[in-house]
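Nothing in this text is a laboratory measurement; each read-out follows from the coordinates by a stated rule. Treat the numbers as computed from the prediction; the structure is a model and nothing was measured. Glycine gets a Cβ as well: all are built from the backbone with ideal geometry, and neighbour counts include every protein chain shown.
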Amino acid sequence: MKEQYKFSRKPEWLKIKLPQKDSSTVVNKLIQSHHLHTICTSGKCPNIGECWDAGTATFMILGDICTRACKFCNVTTGKPLPPDWNEPMNLAKAISELNLKHCVITSVDRDDLPDKGASFWAAVIRSIKQVNPEITIETLIPDFDANKEWINKVIDEAPNVISHNLETVRRLTPEIRTRAKYDTSLETLKTIASSGIRAKTGIMLGLGEFKEEVLETMDDALKAGVEVFTIGQYLQPSKNNITVSEFIKPEVFEFYRKEGLKKGFKYVESAPLVRSSYHAEKHVK
């Protein structure tokens, strides 16, 4: 049994830096002017202050309504609007105006679309490269039902890193992720890694997992060919989301970081406020 750390209030190490007014206003106005979305706001990311103060953001394509209802996620679930085919170029221009050297793109799940949105993903990557030829790109993709043809539409556009998150350990996946399956995610990661593009994944702690399960998840990811592994503390974004089972101490995250590197990952980001896009620019080959 693992030792648990339960608190009625967030512990000291989970204090979140709020964005400074000037930097956040610039980023927010630019996003709104191009009719874009970010996971920073839709997902209530705890690093929004640090990232927006640095003039960066993780962009979310294909709208802000998801066809899935994962219990940890704050993104709205429902029937999405049709894809906006102006979005790829609008996003490319916004990235140029922000003068980014590295960008992270994610999306809602679009199970309503014939290829789950893979063709749209390809168009986004092409547009970003067309307008920003020197940029490096990380794509944080859905599982695409592990369909190789759909995943290859993203791979063929050659982003520098392709990430897909396992989110939690095998045992908790049916409870936390609802429609998504642990082995489907592993198959998606295997397809990414076999292409030669750097594969990346991440999980959250504090959902009731055990240490042995975290280490087993690391092993499963390594077997799939993953090179970058991120671990962060789950924080309940709203009263409608699943509650936090426990707050994990920083030294436990440090233990997992060291263990991950020993096991063979190229990079391990493991700390309470780490999210999948945290320090993403370091993970490019």
Problem - Residue order, fewest to most beta carbons within 10 Å, for C70, C103 - result: C70, C103
Handout entry: Those aspartates and glutamates that a straight Cα-Cα span of less than 19 Å connects to K262, excepting residues fewer than 8 apart in one chain
Key = E212, E213, E216, D219, D220, E227, E251, E254
Exercise for the section: Taking H placed 1.01 Å from N in the peptide plane, check which residues at least 5 places from S270 or on another chain put their amide H under 5 Å from its amide H. Expected result: I231
Completion exercise
The ³J(HN,Hα) series, computed from each phi in the stretch 90-105 with the Karplus coefficients 6.51, -1.76 and 1.60 at θ = phi - 60°, rounded to the nearest Hz and given as x for glycine or proline, is 4, 5, 4, 5, 5, 4, 5, 5, 7, 6, 7, 9, 9, 9, 10, 10
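Listed here are the pairs K71/K148; K79/K181; K79/K263; which of them are more than 32 Å apart at the Cα? Intermediate values should be presented prior to the final figure.
Values: K71/K148 27 Å; K79/K181 21 Å; K79/K263 42 Å.
From K71/K148; K79/K181; K79/K263, over 32 Å: K79/K263.
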Practice task
Output ³J(HN,Hα) for the stretch 269-285: one whole-Hz value per residue in order, computed from phi by the Karplus curve 6.51 cos²θ - 1.76 cosθ + 1.60 with θ = phi - 60°, and x for Gly and Pro.
Solution key: 9, 9, 6, x, 9, 5, 10, 4, 8, 5, 6, 4, 4, 6, 8, 6, 5
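Based on the Cβ-Cβ distance from L81 to K262, what FRET efficiency comes out when R0 is 51 Å, to the nearest 0.05? Walk me through the numbers before you get to the answer.
Numbers: r = 46 Å, r/R0 = 0.91.
That pair, L81 with K262, gives E of 0.65.
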Handout entry: Karplus-derived 3J(HN,Hα), 6.51/-1.76/1.60, for each residue of the stretch 221-228, Hz, glycine and proline x
Key = 5, 4, 4, 7, x, 5, 10, 10
Practice task
Mind listing the long-range amide H neighbours of V108? Cut-off is under 5 Å, sequence gap 5 or more, other chains count too, H placed in the peptide plane at 1.01 Å from N.
Solution key: I61
